[in-house]
Each structure stands twice: as structure tokens, then as C-alpha cells.
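Below you'll find the structure, written out as C-alpha cells, and then a few comments.
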Amino acid sequence: MATVKEDQLPARVSVVIPVYNGGTDIERCLAAIGASSYPVSECILVDDASTDGMAEQAARRHGARILRMDQQCGPAIARNHGVKQADGDIIFFTDADVLLHPDAIGQAVDALQSDPGISAVIGSYDD
């Protein structure tokens, strides 16, 4: 679990994921988020008018909230739509084909809470 200073309450984290025809990747992505060592308050999957039906199925299996775009608009607009619906103190973006390490969200929260001058963090990919 992420370390949090005594004077700070644990941050509520909303994970927002845009997806278009995510196939089996979205299933694996949501499973990795579910294995996070930091508790996720909500996971919002924004379906960018997919035609494969996988986003809805995966969201149901993993307890994610699904928002569906009426027409395809791209990941940036889908992310913004998800943010408007998010309730967390921290918004954590990831993509539908990314498998997060169990400590990734906790490390991001730690970095954000360690210095009030930090307003965003970014991760990088590895093998």
C-alpha cells in the first residue's frame, strides 16, 4: 500500500481509461487495475463508440463504470468526458492496452502528495 503522511488522508483515485475496440487488452488492463496495491475509488471506462462489445463486457466483470460516446471522437475527448464524471481527488489516466504494475497508482499518489508544487506525474512504459 502507498505510504501517506499522517496529516494526509488517503487520496481518492479515479482511473479513467478511453477505449476503442479494446479486444482482450481491456480485460487485462482492468484486471491489472484491480490488482493495484493502492485502493482505487472508481474506474471509469469511456467507450469511444466501439463496435466489438468488449468494453461493456469487461466493465461488468471488473466493476468499472462505463460511459459510452455516441460517435467516435478520439482518446483525448473520451478522457475529458470521463474526467467530468470522476469523483476522485486524483485522476489517473491509463490506456486500454496498458498493464499497470501493482504499485504504479500508489507511487503516483506518493509523488503528488510529497510536494504541493507537483500537480502532475507521468509514468513510462517498460517490458
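The values are calculated or read from the model by the stated rules, or taken from the named source; none is laboratory data. All values reported here derive from a predicted model rather than from experimental measurement. Backbone-built Cβ (ideal geometry, glycine too); neighbour counts: all protein chains shown.
Here are some notes:
- In the range 19-38, the residues that are of a type in the set (S, T, N, Q) form Cβ pairs under 6 Å with partners that are not in a loop (DSSP other than H, G, I, E, B), at six or more places apart or across chains, as follows: Ser36/Ile105; Ser37/Gly106.
- Test: residue in the range 93-106 that is in contact with a Gly (Cβ under 7 Å, 6 or more places away or on another chain), touching a residue at least 60 places away in the same chain (Cβ under 8 Å) and hydrophobic (A, V, I, L, M, F, W, C): yes
- Count of the range 7-56 residues which are more than 20 Å from Pro75 (Cβ to Cβ) and at pLDDT below 95: 5
- In the range 15-30, the residues that are touching a Lys or Arg at 6+ places or on another chain (Cβ under 9 Å) and either within 24 Å of Val109 (Cβ to Cβ) or of a type in the set (Phe, Trp, Tyr) (or both): Val16, Ile17, Pro18, Leu30
- Test: residue in the range 57-74 that is under 10 Å from Val19 (Cα atoms), of a type outside the set (Val, Ile, Thr) and touching a Cys at 6+ places or on another chain (Cβ under 8 Å): no
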